[in-house]
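Read the structure below first, then the notes.
The values are calculated or read from the model by the stated rules, or taken from the named source; none is laboratory data. Computed from a predicted model, the values in this text were never measured in an experiment. Quick reminder, even Gly has a Cβ in these numbers, built from the backbone with ideal geometry, and neighbours come from all protein chains shown. Keep in mind that these areas ignore ligands, DNA and RNA; they rest on the heavy atoms of the full protein, side chains included. Shrake-Rupley method; radii C 1.70, N 1.55, O 1.52, S 1.80 Å.
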Amino acid sequence: MSKKKLKRFAELTAFPNVFQSLVDLRGKWCSDYFHNDNPIVLELACGRGEYTVALAQRFGEKNFIGIDIKGARLWRGAKEALEFKLANVAFLRIPIESIANWFAPDEIAEIWITFPDPFLREGKARKRLTSPRFLSLYRQVLKPGGVIHLKTDEPNLFAYTQEMVAAEEGVLHEAIDDLYHSDKIDDVLSIQTNYERKHLEVGRTIRYLRFSFLP
Ligand SMILES: C[S@@+](CC[C@H](N)C(=O)[O-])C[C@H]1O[C@@H](n2cnc3c(N)ncnc32)[C@H](O)[C@@H]1O
């Protein structure tokens, strides 16, 4: 492992806004960590946490938690949040599979999934972050009607997710198959992640879905 990565891992353990092993905050994130009653928004597969940080800057009346398993990526978002003194941000270095251990039912208001690995091979479908297994996990922690946003460059994942939403009797609010050539692009949808910038550089099309599930 590179010296830079080792240094980042060491720093991560000392960051007050990063959690890597289970803490007693389930059901108590607002009261015991954020010290407010504001809605909590998750960014899953957050990488460097661009959405977490940018949304936290725009929406001080909400709390944001970025989740990813890769510490060296998450380090950047956590560091920025500390530098910008963003008290409405936290990061979890955990597998997304474990979110129900971290959040109580109804604790989460909204979820963003930003450029998840598509896992296109049939044998890997269970790993897709919009497979029925993961959608069911999100429903465990989301408030009734809580919205899920997906940004992806991958047409197959875009189509697959719409099929899964329909199969689970969800409500599709928006399906944009070319975000940057639509009239829907705005201050939030134009936030760009590291992977998104790379996709745009090679001319890929960015897609966006917003959906929810009935209580
Ligand atoms: C393609 S990257 C996208 C990162 C970032 N959202 C971006 O757009 O730049 C996908 C990320 O998902 C994370 N990831 C994939 N499966 C995960 C899981 N089950 N639990 C936690 N993180 C996961 C990876 O570590 C990786 O950082």
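I want to confirm something. Restricting to the range 50-71 and keeping residues that are surrounded by 18 or more Cβ atoms within 10 Å (Cβ to Cβ) and assigned to a helix (DSSP H, G or I), which single residue is farthest from the ligand (Cβ to nearest atom)? By that ranking, first place goes to ALA56. Filtering the range 113-130 to residues that are at pLDDT 95 or above, part of a loop (DSSP other than H, G, I, E, B) and not acidic (Asp, Glu) leaves PHE115, PRO116, PRO118, PHE119, ARG128, LEU129, THR130. Among the residues of the range 20-40, is any under 12 Å from the mean Cα position of the chain (by Cα) and open to solvent by less than 60 Å² (accessible area, probe 1.4 Å)? Looking for residues that are under 12 Å from the mean Cα position of the chain (by Cα) and open to solvent by less than 60 Å² (accessible area, probe 1.4 Å), one finds at least one in the range 20-40, hence yes. It is to be established whether one or more residues within the range 177-195 are under 24 Å from ILE40 (Cα atoms), among the acidic types (Asp, Glu) and at pLDDT 95 or above. Yes, some residue in the range 177-195 is under 24 Å from ILE40 (Cα atoms), among the acidic types (Asp, Glu) and at pLDDT 95 or above. Only one of the numbered conditions (1) within 16 Å of the ligand (Cβ to nearest atom); (2) outside any loop (DSSP other than H, G, I, E, B); (3) at pLDDT 95 or above is not met by GLY47, and that is (2).
Of the residues ARG139, ARG133, which single one is basic (Lys, Arg) and either at pLDDT below 95 or under 11 Å from PHE213 (Cα atoms) (or both)?
Values: ARG133 fails: either at pLDDT below 95 or under 11 Å from PHE213 (Cα atoms) (or both).
Going through ARG139, ARG133 in turn, the sole match is ARG139.
The combined condition, being within 15 Å of the chain's Cα centre (by Cα) and either away from the ligand (no atom under 15 Å from the Cβ) or of a type in the set (S, T, N, Q) (or both), is fulfilled by LEU142.
Condition check for VAL41 on (1) under 20 Å from LYS143 (Cα atoms); (2) of a type outside the set (S, T, N, Q); (3) within 13 Å of the ligand (Cβ to nearest atom); (4) in contact (Cβ under 8 Å) with a residue 40 or more places away in the chain: one failure, at (3).
Just one of the listed residues (PRO144, PRO155) is closer than 26 Å to PRO39 by Cβ, open to solvent by 60 Å² or more (accessible area, probe 1.4 Å) and in contact (Cβ under 8 Å) with a residue 12 or more places away in the chain, and it is PRO144.
When the range 77-127 is limited to residues that are touching a His at 6+ places or on another chain (Cβ under 8 Å) and farther than 21 Å from ASN36 by Cα, the one that is nearest to the ligand (Cβ to nearest atom) turns out to be PHE115.
Being open to solvent by less than 40 Å² (accessible area, probe 1.4 Å), more than 13 Å from the ligand (Cβ to nearest atom) and either in contact with a helix residue (DSSP H, G or I) (Cβ under 7 Å, 6 or more places away or on another chain) or of a type outside the set (Asp, Glu) (or both) is the requirement here; does THR193 meet it? No: the conditions fail for THR193. The residue that is surrounded by the fewest Cβ atoms within 10 Å (Cβ to Cβ), among those in the range 206-215 that are closer than 22 Å to ARG48 by Cβ and more than 14 Å from the chain's Cα centre (by Cα), is ARG207. Under the condition of being touching a helix residue (DSSP H, G or I) at 6+ places or on another chain (Cβ under 9 Å) and of a type in the set (S, T, N, Q), which residue from the range 39-80 is farthest from ALA109 (Cα to Cα)? Filtering the range 39-80 for residues that are touching a helix residue (DSSP H, G or I) at 6+ places or on another chain (Cβ under 9 Å) and of a type in the set (S, T, N, Q), the one farthest from ALA109 (Cα to Cα) comes out as THR52.
May I ask you to say which residue of GLU196, GLU110 is part of a helix (DSSP H, G or I) and touching a residue at least 60 places away in the same chain (Cβ under 8 Å)? Walk me through it before giving the result.
Working: GLU110 fails: part of a helix (DSSP H, G or I).
Of GLU196, GLU110, the one residue that is part of a helix (DSSP H, G or I) and touching a residue at least 60 places away in the same chain (Cβ under 8 Å) is GLU196.
Taken over the range 119-141, residues that are in contact (Cβ under 8 Å) with a residue 40 or more places away in the chain and of a type outside the set (A, V, I, L, M) amount to 2.
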